[in-house]
Structure formats: C-alpha cells, structure tokens
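First the structure, in the form of structure tokens, and then the observations on it.
The values are calculated or read from the model by the stated rules, or taken from the named source; none is laboratory data. Bear in mind the structure is a predicted one, so any value in this text is a computation, not a measurement. Neighbour counts run over all protein chains shown; Cβ positions are idealised from the backbone, glycine included.
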Amino acid sequence: MSQDNKKVAFVTGGNRGIGYELVKQLALKDFKVILASRDPNMCHEAAQKLKESDLDVSFVMMDVDDKESIRQAAITVNERYGRLDVLINNAGVYLDEYKRLLTMDPSILEKTMATNFFGAYHVIHSFIPLMEKQGYGRIINVSSELGAMREMSVQGTGAYKLSKLALNGLTQLVAAEIKGDIKINAVCPGWVSSDMGGPSAPRTPKQAAESILWLASIGTEGPNGGFFRDGKPIDW
Ligand SMILES: NC(=O)c1ccc[n+]([C@@H]2O[C@H](COP(=O)([O-])OP(=O)(O)OC[C@H]3O[C@@H](n4cnc5c(N)ncnc54)[C@H](OP(=O)(O)O)[C@@H]3O)[C@@H](O)[C@H]2O)c1
C-alpha cells in the first residue's frame, strides 16, 4: 500500500510519444506514475530518464495484446500501491492508413482491434476493481476523431476507425455500468507529432498531453461517458 496520500496514475504505452508525455506531466502534477510498456528495455529506459529529473515514476511491463500480462500488471500495482486513481488507455497502433477494408489483409483489422479495442477493454476489466475498492477513479481512453460515426461513410483507414469507434462505444457502456465516483471519458488528442502522427503534425506530444489531462482531475460533477477534444465535446 502506498505510504503517503499521493494519487496513483497508470499509463499504457508510456515509453514514447503521447504516453511518455502523459507520464511526465502526471508526475509533475504530483501523481505517483506507473509507466507501462511492452518492451522491458524501453520501459526501463523511459522511466529512468524521468526518475533522473526527480519525478516519481516506476514501470511495469505490460503488452495490451496479452491478457495475462495485463492481469499480472494489475496484481503488481495492487501489491505496490494498493490503489489506482487514474488509468489512461493510451497504447495504440495505426496500421492501415488509406487502406481499404475489403482489400487489406484481414489480419490488420484483427491486430488493430486487439490492441486499440480489446487491449483497452481488458485493461479496464483488470484494473477497475482497484478503483471500485476506493470508490474513486478517472479513466481516460485516448481515442480519435477518426472513430466518430461520420467517418464511417468515408472510405479508407477502416481498421483504425472501427477500433476507435468501438473504443468510444466501450467508453459509453462502461460509463453506464460504473458506480461511485468513477468516471470514464474518451478524448481525441488532435494530430500529434509522434511516430504515429509523423513529423508534419502541428501538435507536440506536450500539447496533446495537456489537452488530455484535465480529464484526470475532474470533480464529482465532471463528465462521464463523454468524447472530447481540447475540452469541448465532439459528436460521436
Ligand atoms: N499521433 C496522433 O496524431 C494521434 C491522433 C489521434 C489519436 N492518437 C492516439 O494516441 C495514442 C498514442 O499515440 P502516439 O501518437 O503516441 O503513438 P506512438 O508514438 O506510435 O506510440 C504508441 C505507443 O503505444 C504502444 N503500444 C502499441 N501496441 C502496444 C501493445 N500491444 N502493448 C503495449 N503498448 C503498445 C507503443 O509501444 P512500443 O514502443 O512497444 O511499440 C507506444 O508506446 C494512440 O492510442 C493513438 O491512436 C494519436
């Protein structure tokens, strides 16, 4: 159990891109942060870099495509901290830019759903008991406007779009099920310069993280089951 009263946050895909910046900013906001990553070396390196700046960051290995590794990570967080206040489902893949669903290798759709949708589902499923235990939690699903319903009538990038559409649906369904002061919301970070977004993207990971993190500290009156960009609701 955590010895002090600091809130604990957990970020998936925390070793690079938007996830790394989310870890850093949460630690700067005085959270104890657990950086989750599937690669042991990257995991260690990324957390070490932040620790050298005196930030309260630890790491856990977790592949969101692997249910057992998710289950183990939840056990580790429970043993190490005994609580979880903020959970950010950030890990994601983008494997089918402009590809058509009907001509692409179906394994691309399966892989994308496994990471972007089922990954987030299994993480929520394994970690929510930690939040229910204390009757408090803030869950943020890093989604995309490409998952909005209107995008489904535009051809191309169908695997990624469907995975984020499903993630948005999951956000609403979980919001309808959870009780107590636990809130779940989806957020689009905009087009961000990361390995996924590419170098021409207009937003930095730091700006993206800032636009996401207000959802980590909303009060009891805050939104539940919403979809936002820059603090404003987006049409599903
Ligand atoms: N960049 C954009 O313009 C943009 C726009 C809208 C939404 N988003 C969303 O923002 C989130 C972060 O994107 P990003 O731009 O930071 O992407 P990124 O730079 O490509 O980073 C993706 C992160 O996800 C991790 N990841 C992928 N598959 C994983 C798995 N099976 N298990 C654990 N971790 C896994 C990666 O880990 P490895 O290093 O091990 O691969 C990496 O840490 C994603 O959900 C993405 O869909 C991004």
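Closer than 23 Å to Ser217 by Cβ, in a loop (DSSP other than H, G, I, E, B), in contact (Cβ under 8 Å) with a residue 12 or more places away in the chain and more than 16 Å from the ligand (Cβ to nearest atom): is that true of Leu101 in this structure? Show your work before the answer.
Working: closer than 23 Å to Ser217 by Cβ: no; in a loop (DSSP other than H, G, I, E, B): yes; in contact (Cβ under 8 Å) with a residue 12 or more places away in the chain: yes; more than 16 Å from the ligand (Cβ to nearest atom): yes.
The answer is no for Leu101.
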| message | Among the residues of region 120-136, are any of a type in the set (Val, Ile, Thr) and outside any helix (DSSP H, G or I)? | response | no
| query | Given Ala175, Ala166, which one is under 18 Å from the mean Cα position of the chain (by Cα), of a type outside the set (Asp, Glu) and under 15 Å from Gly92 (Cα atoms)? | reply | Ala166
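This table checks each residue for (1) surrounded by fewer than 20 Cβ atoms within 10 Å (Cβ to Cβ); (2) within 19 Å of Val23 (Cβ to Cβ).
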position	(1), (2)
Arg80	yes, yes
Val86	no, yes
Asp96	no, no
Lys99	yes, no
Pro106	yes, no
Gly119	no, yes
Lys133	yes, no
Ile139	no, yes
Gly147	no, no
| query | Looking at region 182-190, is at least one residue surrounded by 17 or more Cβ atoms within 10 Å (Cβ to Cβ) and more than 16 Å from the ligand (Cβ to nearest atom)? | reply | yes
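Mind counting the residues in region 122-145 that are of a type in the set (Phe, Trp, Tyr) and touching a Phe, Trp or Tyr at 6+ places or on another chain (Cβ under 9 Å)?
Residues in region 122-145 being of a type in the set (Phe, Trp, Tyr) and touching a Phe, Trp or Tyr at 6+ places or on another chain (Cβ under 9 Å): 1 in total.
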| said: Six or more apart or on different chains, Cβ atoms under 7 Å: show the pairs whose first residue is in region 184-196 and farther than 24 Å from Pro223 by Cα and whose second is within 9 Å of the ligand (Cβ to nearest atom) and assigned to a strand (DSSP E or B). | reply: Val192/Arg203; Ser193/Arg203
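What number of residues in region 135-169 are more than 13 Å from the ligand (Cβ to nearest atom) and among the hydrophobic types (A, V, I, L, M, F, W, C)? So that I can check it myself, show each step before the final result.
So in region 135-169, the residues more than 13 Å from the ligand (Cβ to nearest atom) come out as 135-139, 149-150, 152-156, 158, 169.
Pick out the ones that are also among the hydrophobic types (A, V, I, L, M, F, W, C) and you get 139, 149, 152, 154.
Residues in region 135-169 being more than 13 Å from the ligand (Cβ to nearest atom) and among the hydrophobic types (A, V, I, L, M, F, W, C): 4 in total.
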| remark: Selection from region 31-70 of residues more than 14 Å from the ligand (Cβ to nearest atom), of a type outside the set (Phe, Trp, Tyr) and within 30 Å of Gly180 (Cβ to Cβ) yields Lys32, Val33, Leu55, Asp56, Val57, Ser58
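Evaluate the following for Val174: is it β-branched (Val, Ile, Thr), within 16 Å of the ligand (Cβ to nearest atom), crowded, with 18+ Cβ neighbours inside 10 Å and modelled with pLDDT of 95 or more? So that I can check it myself, show each step before the final result.
Numbers: β-branched (Val, Ile, Thr): yes; within 16 Å of the ligand (Cβ to nearest atom): no; crowded, with 18+ Cβ neighbours inside 10 Å: yes; modelled with pLDDT of 95 or more: yes.
No.
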| said: Quick check on Tyr20: is it within 13 Å of the ligand (Cβ to nearest atom), part of a helix (DSSP H, G or I) and of a type in the set (Ser, Thr, Tyr)? | reply: yes
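Is it true that Ile218 is in a strand (DSSP E or B), hydrophobic (A, V, I, L, M, F, W, C) and more than 24 Å from Tyr98 (Cβ to Cβ)? Give the steps one after another, and end with the answer.
Working: in a strand (DSSP E or B): no; hydrophobic (A, V, I, L, M, F, W, C): yes; more than 24 Å from Tyr98 (Cβ to Cβ): yes.
No.
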| query | So which of Ser200, Ser217, Ser211 ends up being within 14 Å of Leu87 (Cα to Cα) and surrounded by fewer than 22 Cβ atoms within 10 Å (Cβ to Cβ)? | reply | Ser217
| Across region 150-178, what is the number of residues that are more than 13 Å from Leu101 (Cα to Cα) and of a type outside the set (Asp, Glu)? | 15
| remark: Cβ pairs under 7 Å, 6+ apart or interchain, first in region 68-89 and closer than 12 Å to Ala36 by Cα, second charged (D, E, K, R), ordered by first then second residue, are Ser69/Asp63
